[in-house]
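Participant: Sharing a structure with you now.
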Amino acid sequence: MTQPSRPQDSRAALASFVTNRLGRANAARPEPATQTRKPVQSENQSFEKLTGYRELRLQRSAADLIGLNNPFFRVHESRAAATTRIEGKTFANYSSYDYLGLNGHPAVSGAARKAIETYGTSASASRLVAGERPVHLKLEQALASHYETEACVVMVSGHATNVTTIGAILEPADVIFHDALIHNSVVTGAQLSGAQRRSFAHNDPAALEKLLEATRHEHRRALIVIEGLYSMDGDAPDLAAFVELKRRYDCWLMVDDAHGLGVLGRTGAGLHEHCGVDAADIDIWMGTLSKTLSSCGGYVCGPAVLVEYLKCTAGGFLYSVGMSPPLAAAAEAALSALHAEPERVERLRRNGNLFLAGAKKRGLNTGTSLGLAVIPVIVGDSLKAVTLSDRLFKRGINVQPIIHPAVPERSSRLRFFMTSEHTPEQIAETVAAVADELAALETGATLIEQLMARRGA
Ligand SMILES: Cc1ncc(COP(=O)(O)O)c(C=O)c1O
């Protein structure tokens with residue numbers, strides 16, 4: 001077998017081999033379980049022609065070719081906490097947003113059960129018409145009081161909350177400045193609004209200042225959006241510096257604290273506590289209920305006028321059903337548990353610090369992670385990340401690879417979500433397994449070589 005000599009030759013060989021394989025009856029695609037029927041479509045209208053679909057098939061086929069299991073859409077057969085059950089086996093789990101172990105907390109499950117008994121499982125209408133329930137208002141009051149804002153609105157999805165909020169408050173004459181690593185939902189909201197969109201280097205207020213200096217005067221209203229704890233890197237911005245800029249350049253500042261609530265600050269209050277900044281200095285506090293609050297949905301906390309405006313004009317609220325009552329009740333109970341049991345936040349911090357220190361000692365690249373709820377181990381290209389995740393899975397450790405396009409191709413990684421419920425033994429065993437498997441991967445045959453060897457077989 002001839003070995004490709006240059007990396008670009010290897011890539012080309014891989015691409016052409018995969019393309020050939022794709023040509024053969026879509027070998028990586030699972031067969032439908034039963035006989036199905038499809039509408040007749042012209043070549044042009046075929047869903048397989050959708051932009052991005054072919055790249056998706058290429059990635060799946062490449063993994064299939066070198067014998068990797070698909071790490072995505074795995075079915076968890078239990079509550080996914082510090083451990084989980086997949087295909088009947090128990091795994092150490094690092095893939096759950098349940099940072100404080102509140103999913104399944106007796107008070108949280110009890111509140112959800114009680115709400116089902118009283119209201120059933122659905123609000124059965126948009127809140128504006130007939131979907132308003134006491135649990136919605138109780139949750140909104142609790143969140144507003146957490147951030148010490150005048151009001152709050154909750155919506156059925158965190159993603160939709162960003163899209164519809166940004167889409168409702170900005171117009172084409174406006175501008176949005178956002179961190180380069182901002183969540184997809186913020187970008188989608190900006191696109192919906194028609195406002196000019198400008199991104200600045202990650203966690204770099206000086207880069208934002210340059211942009212503001214050069215362009216702020218060209219636009220009417222301006223919104224700056226940053227996150228609390230960044231979900232791919234596990235780092236946090238210097239909030240005071242952004243507050244200073246928003247004041248100087250007359251902008252609104254919005255913080256998406258999806259991963260910061262329950263994690264950042266001594267009591268887990270969020271980014272403001274972590275940075276020692278008054279929560280009232282931020283115009284819009286956004287967050288999701290799907291992380292620490294072990295529910296589903298999103299919230300915006302801020303001035304009463306903003307909340308009133310969103311409740312009456314934002315399409316994602318107005319034209320969408322009210323949040324399912326048990327989910328609203330669960331989120332409110334989880335927020336109370338966060339306030340009542342701050343020791344969970346401390347345990348999470350200890351676990352994250354332990355993992356980070358161990359990983360650094362073994363020479364793993366954890367980037368700029370603070371060592372709290374999110375710790376990446378950056379390994380390089382996507383195939384390497386998927387292979388490492390696969391090898392760990394075979395050793396009873398479930399951690400997701402994060403690959404291009406979610407992160408740049410050369411910074412593909414395993415992302416470890418920590419919880420307050422991991423044990424020191426689990427953490428020590430995991431760090432050792434990651435370091436050993438990565439070392440073995442780096443000294444063994446390259447993935448391209450493995451692929452070519454299979455091809456020759
Ligand atoms: C920063 C950020 N914002 C918004 C969302 C969307 O939230 P949800 O998954 O609850 O819809 C996510 C999702 O993970 C996120 O990481």
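Participant: Regarding the range 200-211, can at least one residue be identified that is in contact with a His (Cβ under 8 Å, 6 or more places away or on another chain) and either more than 20 Å from residue 298 (Cβ to Cβ) or surrounded by fewer than 18 Cβ atoms within 10 Å (Cβ to Cβ) (or both)?
Facilitator: Residues of the range 200-211 in contact with a His (Cβ under 8 Å, 6 or more places away or on another chain): 200.
If we keep only those that are either more than 20 Å from residue 298 (Cβ to Cβ) or surrounded by fewer than 18 Cβ atoms within 10 Å (Cβ to Cβ) (or both) too, we end up with 200.
For the range 200-211, residues in contact with a His (Cβ under 8 Å, 6 or more places away or on another chain) and either more than 20 Å from residue 298 (Cβ to Cβ) or surrounded by fewer than 18 Cβ atoms within 10 Å (Cβ to Cβ) (or both): present.
Participant: Looking at (1) away from the ligand (no atom under 16 Å from the Cβ); (2) within 16 Å of residue 313 (Cα to Cα); (3) part of a strand (DSSP E or B), which is the only condition residue 177 fails?
Facilitator: Exception for residue 177: condition (2).
Participant: So which of 279, 269 is more than 16 Å from the ligand (Cβ to nearest atom) and touching a strand residue (DSSP E or B) at 6+ places or on another chain (Cβ under 8 Å)?
Facilitator: On the way: 269 fails: touching a strand residue (DSSP E or B) at 6+ places or on another chain (Cβ under 8 Å).
Only one candidate passes the filter, namely 279.
Participant: Taking the residues in the range 221-234 that are open to solvent by 10 Å² or more (accessible area, probe 1.4 Å) and more than 16 Å from residue 177 (Cβ to Cβ) as candidates, determine which candidate is nearest to the ligand (Cβ to nearest atom).
Facilitator: Looking only at the range 221-234, we keep the residues that are open to solvent by 10 Å² or more (accessible area, probe 1.4 Å), and these are 221, 231-233.
So of that shortlist, the ones also more than 16 Å from residue 177 (Cβ to Cβ) come out as 231-233.
Details: 231: 4, 232: 9, 233: 12 Å.
Per the criteria, the residue is 231.
Participant: Taking the range 395-407 as the region of interest, how many residues are at pLDDT 90 or above and either buried (at least 23 other Cβ atoms within 10 Å of the Cβ) or not basic (Lys, Arg) (or both)?
Facilitator: Restricting attention to the range 395-407, the residues satisfying the condition of being at pLDDT 90 or above are 395-402.
Still in the list and also either buried (at least 23 other Cβ atoms within 10 Å of the Cβ) or not basic (Lys, Arg) (or both): 396-402.
Residues in the range 395-407 being at pLDDT 90 or above and either buried (at least 23 other Cβ atoms within 10 Å of the Cβ) or not basic (Lys, Arg) (or both): 7 in total.
Participant: Still on this model: Looking at the range 329-374, which of its residues are among the β-branched types (Val, Ile, Thr) and open to solvent by 60 Å² or more (accessible area, probe 1.4 Å)? Please lay out each step first, then the result.
Facilitator: Just the residues of the range 329-374 that are among the β-branched types (Val, Ile, Thr), to begin with: 345, 366, 368, 374.
368, the sole residue that qualifies.
Participant: Still on this structure, please answer the following. Could you list, in sequence order, all residues of the range 69-119 that are in contact with a Ser or Thr (Cβ under 6 Å, 6 or more places away or on another chain) and more than 30 Å from residue 336 (Cβ to Cβ)?
Facilitator: Those that are in contact with a Ser or Thr (Cβ under 6 Å, 6 or more places away or on another chain) and more than 30 Å from residue 336 (Cβ to Cβ): 71, 90, 91.
Participant: Look at the range 157-170 and say how many of its residues are near the ligand (Cβ under 9 Å from one of its atoms) and over 20 Å from residue 304 (Cβ atoms).
Facilitator: The total comes to 5.
Participant: What are the pairs with Cβ atoms under 6 angstrom where one residue, in the range 289-311, is more than 16 Å from residue 157 (Cα to Cα) and the other, located anywhere, is among the small types (Gly, Ala, Ser)? Sequence gap at least six, or different chains.
Facilitator: Note: pairs meeting the criteria are 304/151; 307/151.
Participant: Hey, could you check the range 310-325 for residues that are closer than 25 Å to residue 337 by Cβ and small (Gly, Ala, Ser) and say which is nearest to the ligand (Cβ to nearest atom)?
Facilitator: At the first step, the residues of the range 310-325 found to be closer than 25 Å to residue 337 by Cβ are 322-325.
Retained after the next criterion (residues that are small (Gly, Ala, Ser)): 322, 324.
Values: 322: 16, 324: 14 Å.
The extreme case among them is 324.
Participant: Can residue 327 be described as over 20 Å from the mean Cα position of the chain (by Cα) and part of a helix (DSSP H, G or I)? Working first, answer last.
Facilitator: Working: over 20 Å from the mean Cα position of the chain (by Cα): no; part of a helix (DSSP H, G or I): yes.
No.
Participant: Further, regarding this structure: If you take the residues of the range 180-220 that are more than 16 Å from the ligand (Cβ to nearest atom) and part of a strand (DSSP E or B), which of them is farthest from residue 417 (Cα to Cα)? Reasoning before the result, please.
Facilitator: The first filter runs over the range 180-220 and keeps only residues more than 16 Å from the ligand (Cβ to nearest atom), leaving 193-198, 200-201, 204-220.
Adding the requirement that they be part of a strand (DSSP E or B) leaves 196-198, 200.
Working: 196: 34, 197: 30, 198: 30, 200: 26 Å.
Here the residue is 196.
Participant: How do the strands (runs of 3 or more DSSP E) wholly within the range 56-171 filter down when requiring 1 or more residues that are charged (D, E, K, R) and open to solvent by 10 Å² or more (accessible area, probe 1.4 Å): which remain? Walk me through how you get there before you give the answer.
Facilitator: On the way: elements: 83-86, 89-93, 151-155.
The qualifying strands (runs of 3 or more DSSP E) are 83-86, 89-93.
Participant: Can you name the residue in the range 244-257 that is part of a loop (DSSP other than H, G, I, E, B) and in contact with a helix residue (DSSP H, G or I) (Cβ under 6 Å, 6 or more places away or on another chain) and is also nearest to residue 205 (Cα to Cα) among such residues?
Facilitator: Initially, the range 244-257 is screened for residues part of a loop (DSSP other than H, G, I, E, B), giving 249-251, 257.
Now restrict to residues that are in contact with a helix residue (DSSP H, G or I) (Cβ under 6 Å, 6 or more places away or on another chain): 249, 257.
Numbers: 249: 13, 257: 18 Å.
Here the residue is 249.
Participant: Next up: Anything in the range 385-394 that is buried (at least 20 other Cβ atoms within 10 Å of the Cβ) and touching a helix residue (DSSP H, G or I) at 6+ places or on another chain (Cβ under 8 Å)? List them, or say none. Can you show your working first?
Facilitator: In the first step, residues of the range 385-394 are kept if they are buried (at least 20 other Cβ atoms within 10 Å of the Cβ); the result is 385-389, 392.
Correct list: 386, 387, 388, 392.
Participant: Name the pairs whose Cβ atoms lie under 9 Å apart, with the first residue in the range 141-167 and in contact (Cβ under 8 Å) with a residue 40 or more places away in the chain, the second of a type in the set (Lys, Arg) and open to solvent by less than 40 Å² (accessible area, probe 1.4 Å), and 6 or more positions between them or separate chains?
Facilitator: Once the first residue is in contact (Cβ under 8 Å) with a residue 40 or more places away in the chain and sits in the range 141-167, its partners that are of a type in the set (Lys, Arg) and open to solvent by less than 40 Å² (accessible area, probe 1.4 Å) give 158/291.
Participant: Hey, can you tell me all the residues within the range 294-309 that are open to solvent by 10 Å² or more (accessible area, probe 1.4 Å) and within 15 Å of the ligand (Cβ to nearest atom)?
Facilitator: Passing the criteria: 294, 295, 296.
The values are calculated or read from the model by the stated rules, or taken from the named source; none is laboratory data. Quick caveat, the model's predicted, so the values are computed rather than measured. Glycine gets a Cβ as well: all are built from the backbone with ideal geometry, and neighbour counts include every protein chain shown. In case anyone asks, the SASA skips ligands and DNA or RNA and just uses the protein heavy atoms, side chains included. Shrake-Rupley method; radii C 1.70, N 1.55, O 1.52, S 1.80 Å.
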